[in-house]
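What follows is a short report on a single structure.
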Amino acid sequence: MEPVVNDGAAEQIILRWDATASEDARVRMIFDGDRQEIDRYLQAVDQIQRSMDSTTLSDDGHQSTKVNNAIQIAMARLEDEFRNILITNSTPIETESVAESISSTRLTTRTNSSRSESPENDDCSNRGEDDAVSRDGSSSFPERSATFESCRSMTSIREQDLIPSESIADLRCIAERMFTAGYSRECVQVYGSVRKSVVDGSFKKLGVEKLSIGDIQRLEWDALNTKIGRWIRAAKICVRVLFASEKKLCKQIFEDLGTAADDACFMETVKGPAIQLFNFVEAISISRRSPEKLFKILDLHDSLLDLLPDIDDVFDSKPAESIKTQATEILSRLAEAARGMLSEFEGAVLREPSRVPVPGGTIHPLTRYSDDSTTPDMDFTDHEGQSPLALHLIWIIAILQFNLEGKSKHYKDNSLAHFFIMNNVHYIVQKIKGSSELREMIGDQYLRTLTRIFRQAATNHQRATWVGVLRCLRDEGLHTTKTFSSAGVSKSSLRERFKSFNAIFDEVHRTQSLWLIPDEQLREELRISILETLIPAYRSFLGRFRNHIESGRHPENYIKYSVEDLETAVLDLFEGYAASQHSRRRSQ
C-alpha cells in the first residue's frame, strides 16, 4: 500500500467516504472492508491532522478552510464507524454462565457448622466487621462479628472480554484520532450511549427493573421479598462481572488519551445503571420497619458488605466517588434498620401491656410480629458457639414464650390456657421452619425444644378437656353386682351416665367450636388425636350398654349421639365460630 504523502491525496480519500455526498459511502462502512483501505483512510486523517496542526494565521485562508472541512468530514465519518463497531459487538452478557462462574464466591453462612464447610473462610477468618466500620465510622452491625465475617475471594472480580481484540484495536485507533482532533466529547457520548444500552440489556436479563424509590416502597412484601433475592444474585454479577468488564473495556480503548478519559467513559456508561441498582436497596433501607423484613434486611446487608471491596475496586476513580459513597451509606442504613427492628421487637415483647386474654385462645398479636417487667432465667450453655445475633433472637423468643405463659394465666379455663400456649408456640415453630435463614441461625436443638413445648401444651389441653368426658364412659358405678355382668347394670345409673356424657360433651362442643386454631394442619392433627381417644371409648361403651337404654322408654333422650354424629361434632371444633353454623347429622 502506498502511503498518503500530500494533503490533496488525503483530502480525496476523505471526501470519497463522505456519507453526505456519496451513496456508496452511505451504505458501506470502512472498517467492515479491506484492511488496506482502513489503513489508507487512517493515514489520510493523520495527514490532514498534521496539516491542520501546522497551519498558521498567515497561511492561505482557502487552504485552511479546506483542511478544516476535511477534518470535520473525517470526524463525522469516524464517529459513524466508531458507533457501528460498538453496535456490531454489543451483546448482553450471558447471565447463566456468569452466575455459575461466580458461585464459588459466597457469603459466609450463619452457622458455625456451615462456615467450616467453606474453604474460603479458612483464609480470612480473622477479618471481621472492623473493615466495614472503618469505612464510614459507624456502621455495620457489630453484633454479627463472630459469625458474619465478609470474606472476599481474590478472584471475586471476573472481568470478561466484551469485544474482540481486533475490534478493540480499531476502536482505539478511531478514539485516538477523535481525541487528537478535539472531538473527545462526541467520542465519549457515542461510546456511552451504545454501551449503556448494552448494560441495560444485561440488567433486563438479570431481572433488574427500573423502579423508583416510591415504586419499591409501595410493593407488597411477598413481591418485594422475591425481588430482594433476585437483586442479591444480580448485584454480584453487576459489580463483579458487568461493571468490572465495562471498566476494563474503557481502559483498553481510552486509557492515556486524555485526562481520565477512560474513567469519564466508564461513568458515562454505568453511572445510571449503578444508581438504578443501588436505589433498590436504598429504598428498602429507608422504608417502614417491620419484623418480617429483618432477615431479608440482613441478607441485603451481608451481600452489600461482601461486595463493598469490589465496589471500591471497580469505582476507584474521582468521577465514581459518588457511587462508592452511596453504597457505604446504604450499608450503614441497612445495619441501623436491622438493629432498630431487633430493638423494637424486643421492646414490644418486654413492654406489651395487655392483660386481656385473646378470645378463643388463638395467636396473640405480639406473637405475630409482657406488663411483666421480669425476664426469664435462661441457661445459654446449650447454645455455645452460636453467633451473638442468634443468641439475641433466642433470647427474644424466650422472653416472648415467658410472657405468653404469663398471659395464659389470665384465662379462667385451664384447658383454654394450654390451648393458647399450643397455638402461639406452634406459630413460632412454623415461622422458624418457614425461614431457612432463621432456622439455620437458631438451630434444630432450640427448635426441638419449642416443638416439645407446643406438643406438651396440646396434650395438657386434651387432658384438661376430655378427662371428664371419658370418665362418663367408664363402667365404674353402673353395676349392681361385683361381677360387672350386664345383668347387674343399674338402668337409672346408666341413664344418668348418658345424660352426664351428653351435657359435658355438649358444653365442650359449644365452647371449643368458638376456639380457633388458625393453622389447618395443627387443627386437623388435634381433631384426629381427640377422635382416636374418644371414638373407641364411646363405641365400646355404646356397644356394651345400648340395649339397656333402647329397651326402655324414650331412648333418644339418653343416646343423643351415634358414633358418626360424635365424629361430625368433633370436626366442628376449633373453627372459631358457633357450631350451629355447621350442618351436623344427628340421630333421630
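The values are calculated or read from the model by the stated rules, or taken from the named source; none is laboratory data. Please read these numbers as outputs of a predicted model, since none were measured by experiment. FYI the Cβ positions are ideal-geometry reconstructions off the backbone, even for glycines, and counts take in every protein chain you see. These accessible areas exclude ligands, DNA and RNA; they are computed on the full protein's heavy atoms, side chains included. Shrake-Rupley method; radii C 1.70, N 1.55, O 1.52, S 1.80 Å.
Which value, in debye to the nearest 20, gives the size of the charge dipole of region 250-323 about its Cα centre, when Lys and Arg are +1 and Asp and Glu are -1 at the Cβ?
Values: 7 positive and 15 negative charges, 118 e Å.
Taking the Cα centre of region 250-323 as origin, the dipole is about 560 debye.
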Links exceeding 29 Å between C-alpha atoms in this model, out of 271/433; 227/324; 204/248; 248/324; 210/247; 210/296, come to 271/433
Residue separation between residue 412 and residue 578 times 0.36 nm, minus their alpha-carbon distance, gives in nm 57.7 nm
Once all protein chains are kept in place, residue 18 shows an accessible area at probe 1.4 Å, nearest 10 Å², of 20
Here P(r) for region 240-320, Cα-Cα distances in 10 Å bins, as whole percents, is 16, 41, 25, 13, 4, 0
Rounded to the nearest 10 Å², the accessible area of residue 571 using a 1.4 Å probe with every protein chain kept is 80
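If the viscosity is 0.890 mPa s and the temperature 25 °C, what translational diffusion coefficient in µm²/s does Stokes-Einstein give for region 166-304 when Rh comes from Kirkwood over Cα pairs? Before the final figure, lay out each step's value.
On the way: Rh = 16.6 Å.
Approximately 147 µm²/s, per Stokes-Einstein.
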Ranking 511, 269, 533 from most to least accessible area with a 1.4 Å probe gives 533, 511, 269
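For the full complex of protein chains and a 1.4 angstrom probe, list 519, 222, 262 by accessible area with the highest value first.
Numbers: 519 50, 222 120, 262 15 Å².
Largest accessible area first, the residues go 222, 519, 262.
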Counting only protein heavy atoms and leaving out ligands, DNA and RNA, the solvent-accessible surface of residue 227 at a 1.4 Å probe, in Å² to the nearest 10, equals 40
Applied in sequence order to region 559-574, the curve 6.51 cos²θ - 1.76 cosθ + 1.60 (Karplus, θ = phi - 60°) yields integer Hz couplings, x standing for Gly and Pro, of 8, 7, 10, 7, 4, 5, 4, 5, 4, 5, 5, 5, 6, 6, 6, 6
